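Contents: one structure, followed by commentary.
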Ligand SMILES: Nc1ncnc2c1ncn2[C@@H]1O[C@H](COP(=O)(O)OP(=O)(O)OP(=O)(O)O)[C@@H](O)[C@H]1O
Ligand SMILES: [Mg+2]
């Protein structure tokens, strides 16, 4: 902020100064201006470094040298990645920072990683009590106060200086997996999408070797059946909970699961088959997604 | 003018993934509209499109006389109410309600006025200095409402705002939100998957299934004149019983037969079945638990709609009793009778169906054969 004001001042003065200054003085002024541009702030160097490290696979760049000790680097932190669909609807990075500071009331760092992606670093202890509720609340507040739809992924605690680029990658993947497999959920906690990430990394051929995958595709389960299976798995394979969520009679659920068993050979009421079907649902979704869009960009 | 018009709205996430299909409805100014349906039916997606949090794939959204498809959320004159979590943990109640306005650079005096007014309406004036941590769930929910109220928005959007609260508090907050709606005279669009919540709160209810509106009508109309089996089964608790059987004509009367039962359809309804060509066909009969009777007088007056059943379970709730009955079709039938009826488990009893309250559904399309397009709500 300060730097910007100073730059603007000099730029405004420039035409005037230039006419008054000697050639040597002019050179000196230009060099000074250049230096300003060459020396980004510490947060900016961190941001540039993070971008470089996370954009290229296997990048290995030394951490930049900072002018002053930079808040999160020597600490245990929690990182939150924010992603918006349409950045033209947001109120900008500055406003985001205002909201985040008001919400957490502690030291924190916000980096704008790209036009629609931001990283928040928080000291780990801020999150101890009811961390999930707190993040859910933040999500609602951002959606109502700052902009349109936001998706967020949230890391576990880690030591910033050691694992920051890794963590950013992981958060991106988690967010991607979350948006794909749990689109109605908008906040994704790293560690809760391991299975999805794993399936996403399998090649098509490997996925086809999942038991029953090809037959599954040929079956063309209808939307109602897929929803039933999803809900059954989401409710811990509880018949009564699932029937309640789908608002169907228990007998109807039994009937659908029986029909599915008949068609596919999988009895999702057994744990093993339930896990298979979960994998298949993930693989199926992934295939549909790939057919519709560019493959997700997964670096690792 | 702050009614809404959803003009053939779609949300598509790809060819085969249509979350909302042809949502077409006028919402009146000051109406309390509830969107209800099972998980994944598109309620939140619809609400988020109205809020501007999701793009509309197809169709038009009008708020008042403004087409708002491309208007960002903050300029839509709407306020969202979320679950009780959505408060700034380190600010007190006053600051929590004021902050949104502060961000929008409202003058201090006006902020103060609005916050105090909202606090008065919500009866939380004595809590203004408290931090969220020191509030109960219900109080927090009220503050969350307060944050929306201070906006003076014309339309309130609420997505399952009570889902974090325990059952008792939920009932209480339902009543409070309804009261609040009357006080504020705003349009409310309220999402829930709980049909009881929908029935008690809504002026009108939209029942959705797999992205499609099934029926949009008053609670009374949904209950008494459901358009199809889905709505009939979704609205009402315990749910409507469905019995599969066939229709035939015997001695000038139309008879519904299923395993272990034969019921004579009253003349007026029989006529409808005849004229629509259902004689000799398979249908599903629907009867609500409260329309199955055990009172001797009713039974005596209904010799043509008696059933003999075995009571598997009798659940006595005091004022009323739920009977889980076997012996008709292969499904358990539920009846709701008086808590004083003295019926015991494992008894074989005789009950009578109120044939003027029965519903009849096409076996293929599941649509209601008696559906009345011109039904007038009570
Ligand atoms: N961003 C998205 N991408 C793809 N599909 C989505 C997306 N958002 C929602 N869906 C799908 O749209 C359908 C409707 O979802 P929605 O969240 O509106 O349901 P809901 O009625 O609110 O359910 P619930 O009662 O569980 O909250 C679901 O099948 C969901 O998977
Ligand atoms: Mg929802």
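The values are calculated or read from the model by the stated rules, or taken from the named source; none is laboratory data. Since the structure is predicted, the reported quantities are computational estimates derived from the model, not experimental observations. Note that we place each Cβ from the backbone using ideal geometry, even for glycine, and neighbour counts take in every protein chain shown.
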Considering only residues of the range B:52-69 that are in a loop (DSSP other than H, G, I, E, B) and more than 10 Å from chain A (Cβ to nearest Cβ), which is surrounded by the fewest Cβ atoms within 10 Å (Cβ to Cβ)? B:65
Complete set of residues in the range B:196-208 that are modelled with pLDDT under 95 and assigned to a strand (DSSP E or B): none
Condition first: at the interface with another protein chain (Cβ under 9 Å from one of its Cβ atoms) and in contact with a strand residue (DSSP E or B) (Cβ under 6 Å, 6 or more places away or on another chain). Now tell me which residues in the range A:148-168 satisfy that. A:150
Within the group A:228, A:242, which residue is out of contact with any strand residue (DSSP E or B) (no Cβ under 8 Å at 6 or more places or on another chain), in contact (Cβ under 8 Å) with a residue 24 or more places away in the chain and under 18 Å from residue B:209 (Cβ atoms)? A:228
Those residues of the range B:1-51 which are more than 14 Å from every other protein chain (Cβ to nearest Cβ), free of Cβ contacts under 8 Å to residues at least 40 places away in the same chain and under 26 Å from residue A:86 (Cα atoms), in sequence order: none
Among the residues listed as A:218, A:262, the single one being more than 14 Å from chain B (Cβ to nearest Cβ), surrounded by fewer than 16 Cβ atoms within 10 Å (Cβ to Cβ) and either in a loop (DSSP other than H, G, I, E, B) or modelled with pLDDT under 80 (or both): A:218
Hey, can you tell me all the residues within the range B:6-21 that are within 20 Å of the chain's Cα centre (by Cα) and away from ligand 2 (no atom under 16 Å from the Cβ)? B:6, B:21
By residue number, the members of the range A:228-244 that are under 30 Å from the mean Cα position of the chain (by Cα) and crowded, with 19+ Cβ neighbours inside 10 Å are A:228, A:229, A:230, A:231, A:232, A:242
Taking residue B:232 as meeting all but one of (1) surrounded by fewer than 21 Cβ atoms within 10 Å (Cβ to Cβ); (2) within 29 Å of residue B:282 (Cα to Cα), write down the number of the exception. (1)
Leading residue by the ranking (nearest to residue B:333 (Cα to Cα)) among those in the range A:222-252 that are assigned to a loop (DSSP other than H, G, I, E, B) and away from chain B (no Cβ under 12 Å): A:238
Set A:142, A:202, A:171, A:253: member being touching a strand residue (DSSP E or B) at 6+ places or on another chain (Cβ under 9 Å) and over 21 Å from residue B:85 (Cβ atoms): A:171
Scanning the range A:123-143 for residues that are touching a helix residue (DSSP H, G or I) at 6+ places or on another chain (Cβ under 8 Å) and at pLDDT 90 or above gives A:138
If the requirement is being without any contact (Cβ under 8 Å) to a residue 24 or more places away in the chain and within 12 Å of the chain's Cα centre (by Cα), which of these qualifies: A:170, A:163? A:170
Per the filter on the range B:215-230, residues in contact (Cβ under 8 Å) with a residue 40 or more places away in the chain and in contact with a helix residue (DSSP H, G or I) (Cβ under 8 Å, 6 or more places away or on another chain) are B:226
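This table checks each residue for (1) outside the structural domain of residue B:29 (by TED's automatic domain parsing); (2) in contact with a strand residue (DSSP E or B) (Cβ under 8 Å, 6 or more places away or on another chain); (3) crowded, with 23+ Cβ neighbours inside 10 Å; (4) within 26 Å of residue B:378 (Cβ to Cβ).
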| position | (1), (2), (3), (4) |
| --- | --- |
| B:150 | no, no, yes, no |
| B:157 | no, yes, yes, no |
| B:183 | no, no, no, yes |
| B:198 | no, yes, yes, yes |
| B:224 | no, no, no, yes |
Identify all residues within the range B:28-58 that are in contact with a helix residue (DSSP H, G or I) (Cβ under 9 Å, 6 or more places away or on another chain) and more than 16 Å from ligand 1 (Cβ to nearest atom); write none if there are none. B:30, B:32
Only listed residue being within 16 Å of ligand 2 (Cβ to nearest atom), within 16 Å of residue B:191 (Cα to Cα) and assigned by TED's automatic domain parsing to the domain that holds residue B:160, chosen from B:53, B:25: B:53
Has the range B:283-297 got any residue that is on the phi > 0 side of the Ramachandran plot and more than 16 Å from ligand 1 (Cβ to nearest atom)? no
